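*Asks:* Okay, here's the structure, questions in a sec.
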Amino acid sequence: MKKILTGDRPTGKLHLGHYVGSLVSRVALQHQYDTMILVADVQALTTHFARPELIYDSIYEVTMDNLSVGLDPEKVTFVQQSQVPSIAELTLFYSMFVTCNQLSHNPTIKTEAKNYGYTEMTYGFLGYPVSQTADITFCNADLVPVGEDQLPHIELSRKIVRKFNEQYGTSITEPEAKVSTVGRLCGLDGNSKMGKSLGNAIYLSDPADVINQKVRNAVTDTNRISVKIPGNPDVCTVYTYQKTFNPDEAPNICSMCKNAQIGCVACKKLLAEKLNSILEPMREKRSYYEQHRDLVRQFIVDGTARANAIGKENLDQIKQKMHVAL
Ligand code: SF4
């Protein structure tokens, strides 16, 4: 079975954007690949180093989110990044194979620094593509599911691995990107991105009444000031969600909206009902794990132990080739 590495930064609970962009395919892929789910707590530190309690709690939260959508703990391996020393060692070794210029000119890094409002970058933040390369390769993952915006990182990872293999005669797997074909889900406020820090997200764990409220406040066609005026679904955030989560009814909603046969209140009610019907089974599963946190902890501990065994074996071979092992 080929290995796939995916994961989440534990900086809060996961939302519908994560669900659409990554979790749905993760659930399907677990049957075809040896799936490693990295809970990237070290990477979370690159931006949230001053909030260790949030990261600690979120390790549980993101693991429960993954379990609630249908990741099977018998099939997938949950890995706590900070507890895998081979990742840290590889990060250090790889850092000799990348220049500061390569990192500072990486378009994804530049965009992310801008999003976080950084005028200066810490060494850890700047170097996270290097640590990401170690995340992917400590277990010789073959594939990494990514969005288009992450492609420069994977390209850099491949370059680092190629140079490293050439230099030391190692046979570290050059990872391939598995680009998600699913578009990004916009935020409820119409922002092109749904984000934990943007206050425009629906979380997988939100209760039904919270979802009803959030959908009621979502942005629609702002020119539609009365139910009697025909709407334009093409500029409506709510309609984007209808297409994604309510595809069977969306064409009819579109036509009714254009002909002023449905009002935004009714349209939002339909959407909230649909979302709640999708999320209710996840909430139930999550509630079970919330009451059995020890079990969640055990999944992470056991998965990390497996990852450590794999990582140690690979790193021992790498160190032999590098002549750093006596
Ligand atoms: S009826 Fe629905 S699709 Fe049309 S503008 Fe209102 S919320 Fe958007």
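*Asks:* Is at least one residue of the stretch 278-285 surrounded by 15 or more Cβ atoms within 10 Å (Cβ to Cβ), assigned to a helix (DSSP H, G or I) and within 12 Å of the ligand (Cβ to nearest atom)?
*Replies:* No, there is no match, as no residue in the stretch 278-285 is surrounded by 15 or more Cβ atoms within 10 Å (Cβ to Cβ), assigned to a helix (DSSP H, G or I) and within 12 Å of the ligand (Cβ to nearest atom).
*Asks:* Given (1) aliphatic (A, V, I, L, M); (2) touching a Phe, Trp or Tyr at 6+ places or on another chain (Cβ under 7 Å); (3) touching a residue at least 40 places away in the same chain (Cβ under 8 Å), identify the lone condition not met by I278.
*Replies:* (3)
*Asks:* Test Y289 against the criterion of being at negative phi, more than 10 Å from the ligand (Cβ to nearest atom) and touching a Leu at 6+ places or on another chain (Cβ under 6 Å), and give yes or no.
*Replies:* Yes; evaluated as a whole, the condition is true for this residue.
*Asks:* Given (1) near the ligand (Cβ under 8 Å from one of its atoms); (2) closer than 29 Å to S68 by Cβ, where does C257 come up short, assuming only one miss?
*Replies:* (2) is the only condition that C257 fails.
*Asks:* If a residue has to be within 12 Å of the ligand (Cβ to nearest atom), open to solvent by 30 Å² or more (accessible area, probe 1.4 Å) and touching a residue at least 40 places away in the same chain (Cβ under 8 Å) to count, how many in the stretch 204-223 make the cut?
*Replies:* Residues in the stretch 204-223 being within 12 Å of the ligand (Cβ to nearest atom), open to solvent by 30 Å² or more (accessible area, probe 1.4 Å) and touching a residue at least 40 places away in the same chain (Cβ under 8 Å): 1 in total.
*Asks:* Determine which single condition Y239 fails, assuming it passes every other condition in (1) under 22 Å from the mean Cα position of the chain (by Cα); (2) among the aromatic types (F, W, Y); (3) within 15 Å of the ligand (Cβ to nearest atom).
*Replies:* (1)
*Asks:* Of the residues I253, I318, only one is out of contact with any Cys (no Cβ under 9 Å at 6 or more places or on another chain) and surrounded by 17 or more Cβ atoms within 10 Å (Cβ to Cβ); which?
*Replies:* I318
*Asks:* Restricting attention to the stretch 132-186, which residues are in contact with a helix residue (DSSP H, G or I) (Cβ under 8 Å, 6 or more places away or on another chain), surrounded by fewer than 22 Cβ atoms within 10 Å (Cβ to Cβ) and among the hydroxyl-bearing types (S, T, Y)?
*Replies:* Those that are in contact with a helix residue (DSSP H, G or I) (Cβ under 8 Å, 6 or more places away or on another chain), surrounded by fewer than 22 Cβ atoms within 10 Å (Cβ to Cβ) and among the hydroxyl-bearing types (S, T, Y): Y168, T170, S171, T173, S180.
*Asks:* Please enumerate the residues belonging to the stretch 262-275 that are near the ligand (Cβ under 9 Å from one of its atoms) and either surrounded by fewer than 15 Cβ atoms within 10 Å (Cβ to Cβ) or within 28 Å of the chain's Cα centre (by Cα) (or both).
*Replies:* V265, A266, K268, L270, L271
*Asks:* Could you say which residue among E89, E120 is part of a helix (DSSP H, G or I) and in the same structural domain as Q132 (by TED's automatic domain parsing)?
*Replies:* From the options E89, E120, the qualifying one is E89.
The values are calculated or read from the model by the stated rules, or taken from the named source; none is laboratory data. All of these numbers come straight from a predicted model, not from anything done at the bench. Here the Cβ is made from the backbone with ideal geometry for all residues, glycine too, and neighbour counts use every protein chain on show. Keep in mind that these areas ignore ligands, DNA and RNA; they rest on the heavy atoms of the full protein, side chains included. Shrake-Rupley method; radii C 1.70, N 1.55, O 1.52, S 1.80 Å.
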